[in-house]
Amino acid sequence: MKKSLRILVISCLIGLLIMSAFTVSAAKKLEIPVIVKIIGIPWFNEFEAGVKKAAEKFGVNAYVVGPTQADPAQQVKMVEDFIAKGVNGIVVVPNDANALTPVFKKAQSKGIAIITNESPNQPGASWDIENIDNTAFGVANFKKMAELMGGKGEFAVFVGGLTVPLHNLWVDIGLDYLKKNYPNMKLVTDRIPCGEDADLSHTKTLELLQAYPNLKGIVSMGSLGPIGAAQAIREKGLIGKFNILGTVIPKQAAQYLKDGSLQYGYLWDPADSGYAAVYMAMLTAQKKKIGNEIQVPGFGKGVIDQKNKVVRFNAIMDINKKNVDSFTF
């Protein structure tokens, strides 16, 4: 064999070996789909930014999908589809914890890691990620409303949905706090499921104002609830006479905080939630041992509740008209 031909053959073999190595490497890349409550709204756009950052940082194939409405059945179907595909882990922000339990257990039986966010005590989950202390968060919202209302008067509560685990937990905690500390605060009606839809929360606020003329405040869990409510307060000329607070995206809430149609917000950065959830899914899929603390590279330290399978960080942010412009999202 001529020297030039030998060189060509050797070069081809080396090329094939390199291509084979890349193929094996790609095949070993962990696949971690992330199912959010509703695709395309500001909260989960920011959440997705954290997922993408984690995918790049940790070298995994992590990506966001979700229903266009807060539909538990669609989330269940997505989990089923990913089980059939044989992914390594699945992250879910549940619309309905109970509806997802059977498919979560099915995924676990197939060796697929299940990580939830905003769903503590979720049956079938490997771990749940919480960026805040839920008791402190629930109390903060309702205590602030009591202070704004002078400790008495009628108010209402919005949630993203009656089956959204964390929204309803915060409300349970907050109402219990008011009962013990502010007995003259009166909840006028059952919690209203509209906090993930600005148009619906706007409509519900107008209905509440008509039905309860003495209403003085709304606490909203769900980042679009305060926005729609503030729009209604603007329309009715009630700025300075009505109180709204809850979970908000700072840039989305800025104009309402500045004109006084919205008083206060509590939040954490949803990007951090997406980032930490992907990291935990990766560790779980790799069967890494999890101790009593965890250091998430590029984020910070989390405390591990081994009994309840919760990873908890402490990242509550206070948002008001004075500091809203300091946030980047």
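The values are calculated or read from the model by the stated rules, or taken from the named source; none is laboratory data. Since this is a predicted model, take the numbers as computed values, not measurements. When we count neighbours, we look across all protein chains shown, and the Cβ atoms used for this are built from the backbone with ideal geometry, even at glycine.
Key figures for this structure:
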item: The one condition in (1) more than 15 Å from the chain's Cα centre (by Cα); (2) not assigned by TED's automatic domain parsing to the domain that holds ILE244 that ASP96 fails to fulfil; result: (1)
item: Some residue of segment 223-238 being at pLDDT below 95 and within 24 Å of VAL36 (Cα to Cα); result: yes
item: Test for SER201: is it at pLDDT below 95, within 24 Å of ILE249 (Cα to Cα), surrounded by 15 or more Cβ atoms within 10 Å (Cβ to Cβ) and among the hydroxyl-bearing types (Ser, Thr, Tyr); result: no
item: Per-region count, segment 126-165, residues surrounded by fewer than 17 Cβ atoms within 10 Å (Cβ to Cβ) and in a loop (DSSP other than H, G, I, E, B); result: 5
item: Where PRO270 falls short, out of the listed (1) surrounded by 24 or more Cβ atoms within 10 Å (Cβ to Cβ); (2) in contact with a Ser or Thr (Cβ under 7 Å, 6 or more places away or on another chain); result: (2)
item: Qualifying residues in segment 41-76 (those that are in contact with a Leu (Cβ under 7 Å, 6 or more places away or on another chain), crowded, with 17+ Cβ neighbours inside 10 Å and without any contact (Cβ under 8 Å) to a residue 60 or more places away in the chain) - the one nearest to THR101 (Cα to Cα); result: VAL76
item: Unique residue being in contact (Cβ under 8 Å) with a residue 24 or more places away in the chain and buried (at least 23 other Cβ atoms within 10 Å of the Cβ) when the list is PHE104, PHE82; result: PHE104
item: Positions within segment 78-120 being among the hydrophobic types (A, V, I, L, M, F, W, C) and either over 24 Å from ASN131 (Cα atoms) or in a loop (DSSP other than H, G, I, E, B) (or both), in sequence order; result: MET78, PHE82, ILE83, ALA84, VAL87, VAL93, VAL103, ALA107, ILE112
item: Test: residue in segment 198-217 that is within 27 Å of VAL36 (Cβ to Cβ), among the acidic types (Asp, Glu) and in a loop (DSSP other than H, G, I, E, B); result: no
item: Residue under evaluation SER220, criteria (1) free of Cβ contacts under 8 Å to residues at least 60 places away in the same chain; (2) polar (S, T, N, Q); (3) crowded, with 22+ Cβ neighbours inside 10 Å, criterion not met; result: (1)
item: Residues (more than 10 Å from ILE129 (Cβ to Cβ) and of a type in the set (Ser, Thr, Tyr)) located in segment 273-300; result: THR284
item: Tally, over segment 202-217, of residues that are touching a residue at least 24 places away in the same chain (Cβ under 8 Å), under 14 Å from ASP190 (Cβ atoms) and either out of contact with any strand residue (DSSP E or B) (no Cβ under 8 Å at 6 or more places or on another chain) or not charged (D, E, K, R) (or both); result: 2
item: Test: ASP190 is surrounded by fewer than 17 Cβ atoms within 10 Å (Cβ to Cβ), modelled with pLDDT of 95 or more and closer than 21 Å to GLY40 by Cα; result: no
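Yes/no matrix, rows are residues, columns are (1) farther than 26 Å from TRP43 by Cα; (2) assigned to a strand (DSSP E or B); (3) under 19 Å from the mean Cα position of the chain (by Cα):
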| site | (1), (2), (3) |
| --- | --- |
| THR284 | no, no, no |
| LYS287 | yes, no, no |
| GLY291 | yes, no, no |
| GLN295 | no, yes, no |
| GLY302 | no, yes, yes |
| ASN314 | no, no, yes |
| ASP318 | no, yes, yes |
